[in-house]
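A short worksheet on the structure shown next.
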Amino acid sequence: MSDVNIIGQSLFNIIQFTVWGILSGGIYALVALGIVIINKASGVFNFAHGWLMFIGGLFFWQVFQNGASDQVTAGLSLATAFLVIGGVMSMGIGAVAVRPETSGTTEGWQARLEKIGRKWLTTLTSRRFLIALIPALVAAVVMAFLLNQEDSKILRGAMAGIVGSILIGMFVERFTIRPLLGQPLLTAILMTLAIGFIIQGATQLIWGADERPIPVFVEESEKKPISVPTGIDENGNTIYTVIGYDILPPRALPDYQVDTESALGESLRFPRNLTWGFAIAIATFLAFVWLFQYTSIGLAMRATAENQVLAESVGLRVRLILAIVWGTVAVMAGIAGVIQGTGGSGLSALVIPALALRVFPAVLLGGMDSVTGALVGGVIIGIVEQLSILFISTTAAQEFAPFIVLITVLYFKPTGLFGQKRIDRV
Amino acid sequence: MRPSGIYDVNYIQDQALVRTRVDLFWVVFFLVLLIAMPLLSSQGGLGASIVPLRLLSILTTGGIYLISVTGLNILLGYNGQISLGQAAFMMVGAYTSALLVRDSGLSIVFALPIAAIVSGVLGILFGLSALRVKGFYLAMATLGAQFMIPWAFTSYDAEKISRPFKSIGFLHDFFRNLDFGGSEMIVPNARILGEEFTTTLDKYYIVLFFVIFTWIAARNLLRSRVGRAWISIRDNDLAAEQLGINVFQYKMMAFFVCAVYAGIAGSLKAHIDGNITKDAYNIEVSIRLLAMLVIGGAGFALGPTFGVGFFLFMDRYIVHWLRDLFERRIVEVLTFINPANVPGALPPLLLGMLLALFLIYQPRGIAYRWAILQAAWRLRPFTKV
């Protein structure tokens, strides 16, 4: 078996690279899902998705690497409480539906203020809110406790990433996508390109242009004592005194291995970051699919995606739903960004946004509006990419192979594998 | 809006490029200005050096972008398609023209049209995939082109590519001898009848000629049957189809013209820059070209000019001014900003902000504002018709 050659490559290499392709394909699937969901809900090809990944990853990195001050910890605990309250409050379809007592227009600012006040008063005294307060407080206390632990770097980073991503996602929706509701698609596409530039500029202004590795899958940095001779003891031996420590660059943890020596001649290797990344990506993917398919807020999202006007006319608060969708998608993007950052290239403004553009072929291959398609397309693009690293070159894998898939899909099946066929009506 | 008392009485008048005497005055004025201005520079031969050479080279770069953006205007402004690969097609034109001039010693008179056609044909290859289906698939196909074309040029390996053609002698030799120079290709100066174009002045004039040529070509295309078909497709493709317009064919034609314009611009850019690198034709350049068009005003004859002019102004002045502001004042207030990051971060930030603001508040661009201004001026002292 081990001496089989296919176009100059051993069978082992092909299997190994395919496995890596599937693993990285899981991350692509997560990115593709975000693009598909935005396309379904807002009707926009989100060209800024890569930048959402990047900025989410940077929030993680900031707290992960530099630690959190007390204020940040307190803020994150409070944010946890808000998230729990938000989660409880948005259970059931009523949360995203227009309430009869708040609909309609009101004249005069006093009346309007009174109305807003009454709305908040009813919300804050509702039984649901009071019930939600209990788990929220518990969650906040638990979170504060957990965040103060010495070894909770990852949790701290994750909380910062989630909260930051939600805020960024909602901000983007509120200030750039919402003003363009009802405008032609072209404008919206250009707007996502503009958002990409804004995030690029803003991140570079604050964090600079260096790439930032996220050292999760590394050994504790070794400290090597630096000693200098300071004197001679009575036996004539030199006395060394340690004057400081030389911190060696952290080394990556060894890959997981699966013993396939007997069958293939070598053991298959599973790099830690890819394996864990795959697991987390697929878990996030499934969690979102659950949210989308089996909860009432998911139902509202699907209704909005299907037909905005119809959703509005049955009383759904479409703008609120879109804000929630953007927040959720930004979190998914941030998770993907962090996973990508744990790899060899780190968080780099050159790598991650380009990666999101490489996912567009995956989205198109699966179908612009298909959740299953995002998974399948992502994995296929991952495999194609890794195999072209093996057979051609790394630059070919990044700049050629995914796009040849894209052009092929456009030529032969523009709706993608699982996409719906669109019918235009006059 | 027409000035008071001027009526078109026949179709020729309605379609004329220059409609009124005032128009004629401005056309002649700008032509004379653009042609005569360089003569007053230090290379002009009149002994005067009033016009700085720097201005001429800025205008030259602007002219190249203007040609490219005019092509985009035909595609986006008049046909409603979006292309994210304009820079890649410029690159095709650049390499083709550079190869022809360097290896075959061809004059630019022949090299540039060939480059334009090659770029157009390659554009069709990509466009064919997307234009069959409705919707914004062209953005996707051109995104693919934007990555594949620069990759193909910069990682071309003569040894590897020519090997399969061993049995076919001339193809083997052809591929064997192609040399794209890897990551950077040095391009010789353009030549006409053995005369090399070396000085700033020469380069300015050759670009000016092509700017005027492509401008008139675009105007003529747009007032013909083809242009009207494009506009009808932009406004409502289903209705256009009902009128008997072959939507696919006309969309393809628009994309072809857009790629041809890119090819012309790329060919000029290669000879004027003197080199071709991947960075000068990457996706950010493509998006910048789109932004120029949108900010200038897509679908207006003057849109590209306003857009390119605005960007030249922004790159020269606004960015520097903002950089000063950031480095002197804002860094003191917002202490988390590292002053060293400011120069790199400002251009994308400013571009994104401007594009977003224009899309929200002035989606039809500067040219639309200009048209309103003109109408208001003509109507004064009244405010309504």
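The values are calculated or read from the model by the stated rules, or taken from the named source; none is laboratory data. Computed from a predicted structure; not experimentally measured. Cβ placement follows ideal geometry from the backbone for every residue including glycine, while neighbour counts extend to all protein chains displayed.
Could you say whether any residue in segment B:359-378 is out of contact with any Cys (no Cβ under 6 Å at 6 or more places or on another chain), assigned to a helix (DSSP H, G or I), surrounded by 22 or more Cβ atoms within 10 Å (Cβ to Cβ) and at the interface with chain A (Cβ under 9 Å from one of its Cβ atoms)?
Yes, some residue in segment B:359-378 is out of contact with any Cys (no Cβ under 6 Å at 6 or more places or on another chain), assigned to a helix (DSSP H, G or I), surrounded by 22 or more Cβ atoms within 10 Å (Cβ to Cβ) and at the interface with chain A (Cβ under 9 Å from one of its Cβ atoms).
So that you can scan it fast, the table gives a plain yes or no per residue for (1) aliphatic (A, V, I, L, M); (2) out of contact with any strand residue (DSSP E or B) (no Cβ under 7 Å at 6 or more places or on another chain); (3) not in a helix (DSSP H, G or I):
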{"position": "A:Thr275", "(1), (2), (3)": "no, no, no"}
{"position": "A:Val289", "(1), (2), (3)": "yes, yes, no"}
{"position": "A:Arg319", "(1), (2), (3)": "no, yes, no"}
{"position": "A:Thr328", "(1), (2), (3)": "no, yes, no"}
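Quick check on my filter: what residues within segment A:386-397 are within 8 Å of chain B (Cβ to nearest Cβ) and in a helix (DSSP H, G or I)?
Let us first name the residues in segment A:386-397 that are within 8 Å of chain B (Cβ to nearest Cβ), namely A:393, A:395-396.
Listed by number, the residues that qualify are A:Thr395, A:Ala396.
Identify the single condition in (1) modelled with pLDDT of 90 or more; (2) more than 26 Å from B:Asp179 (Cα to Cα); (3) assigned to a helix (DSSP H, G or I); (4) more than 14 Å from the chain's Cα centre (by Cα) that B:Val294 does not satisfy, given that it satisfies every other one.
The failed condition is (4).
Return the residues of segment A:261-273 that are without any contact (Cβ under 8 Å) to a residue 60 or more places away in the chain and in contact with a strand residue (DSSP E or B) (Cβ under 7 Å, 6 or more places away or on another chain); say none if nothing qualifies.
Residues of segment A:261-273 without any contact (Cβ under 8 Å) to a residue 60 or more places away in the chain: A:261-262, A:267, A:272.
Within segment A:261-273, A:Ser267, A:Arg272 qualify.
To keep it simple, each residue is scored yes or no on (1) outside any helix (DSSP H, G or I); (2) among the polar types (S, T, N, Q); (3) more than 10 Å from every other protein chain (Cβ to nearest Cβ).
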residue: A:Val138; (1), (2), (3): no, no, yes
residue: A:Leu155; (1), (2), (3): no, no, yes
residue: A:Leu167; (1), (2), (3): no, no, yes
residue: A:Phe175; (1), (2), (3): no, no, no
residue: A:Leu186; (1), (2), (3): no, no, no
residue: A:Ala194; (1), (2), (3): no, no, no
residue: A:Gly201; (1), (2), (3): no, no, no
residue: A:Gln204; (1), (2), (3): no, yes, no
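Please find, among A:Leu33, A:Leu83, A:Leu78, A:Leu11, the residue that is at pLDDT 85 or above and over 24 Å from A:Phe292 (Cβ atoms).
Values: A:Leu33 fails: over 24 Å from A:Phe292 (Cβ atoms); A:Leu83 fails: over 24 Å from A:Phe292 (Cβ atoms); A:Leu11 fails: at pLDDT 85 or above.
A:Leu78 is the lone residue from the list that is at pLDDT 85 or above and over 24 Å from A:Phe292 (Cβ atoms).
Hey, does segment B:164-186 have a residue that's closer than 21 Å to B:Lys278 by Cα, at pLDDT below 90 and among the hydroxyl-bearing types (Ser, Thr, Tyr)?
yes
Out of all the residues in segment B:302-345, which are facing chain A (nearest Cβ under 7 Å) and under 27 Å from the mean Cα position of the chain (by Cα)?
Correct list: B:Gly344, B:Ala345.
Looking only at segment A:1-45, how many residues end up being within 30 Å of A:Glu173 (Cα to Cα) and not hydroxyl-bearing (Ser, Thr, Tyr)?
Step one: of segment A:1-45, the residues within 30 Å of A:Glu173 (Cα to Cα) are A:24-45.
Imposing the further condition that a residue be not hydroxyl-bearing (Ser, Thr, Tyr) reduces the set to A:25-27, A:29-41, A:43-45.
Total satisfying the criteria: 19.
Exactly one of (1) of a type in the set (A, V, I, L, M, F, W, C); (2) farther than 16 Å from B:Leu76 by Cβ; (3) in contact (Cβ under 8 Å) with a residue 40 or more places away in the chain is unmet by B:Leu243. Its number?
(3)
The rows are residues; the columns are (1) outside any loop (DSSP other than H, G, I, E, B); (2) among the aromatic types (Phe, Trp, Tyr); (3) modelled with pLDDT under 90; (4) surrounded by 16 or more Cβ atoms within 10 Å (Cβ to Cβ).
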{"residue": "B:Ala270", "(1), (2), (3), (4)": "yes, no, no, yes"}
{"residue": "B:Gly309", "(1), (2), (3), (4)": "yes, no, no, yes"}
{"residue": "B:Phe313", "(1), (2), (3), (4)": "yes, yes, no, no"}
{"residue": "B:Asp324", "(1), (2), (3), (4)": "yes, no, yes, no"}
{"residue": "B:Ala345", "(1), (2), (3), (4)": "yes, no, yes, yes"}
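Here is a list: B:Lys134, B:Lys166. Which entry is in contact with a His (Cβ under 7 Å, 6 or more places away or on another chain), surrounded by fewer than 17 Cβ atoms within 10 Å (Cβ to Cβ) and farther than 30 Å from B:Leu34 by Cα? Spell out how you get there, then give the answer.
Details: B:Lys134 fails: in contact with a His (Cβ under 7 Å, 6 or more places away or on another chain).
None of the others qualify; the one that does is B:Lys166.
Counting residues that are in contact (Cβ under 8 Å) with a residue 60 or more places away in the chain and within 14 Å of chain A (Cβ to nearest Cβ), which helices (runs of 4 or more DSSP H) fully inside segment B:71-185 reach at least 3? Lay out the reasoning, then the answer.
Details: elements: B:86-104, B:108-131, B:137-154, B:158-162, B:169-177.
Where helices (runs of 4 or more DSSP H) fall fully within segment B:71-185 and carry at least 3 residues being in contact (Cβ under 8 Å) with a residue 60 or more places away in the chain and within 14 Å of chain A (Cβ to nearest Cβ), they are B:86-104, B:108-131, B:137-154.
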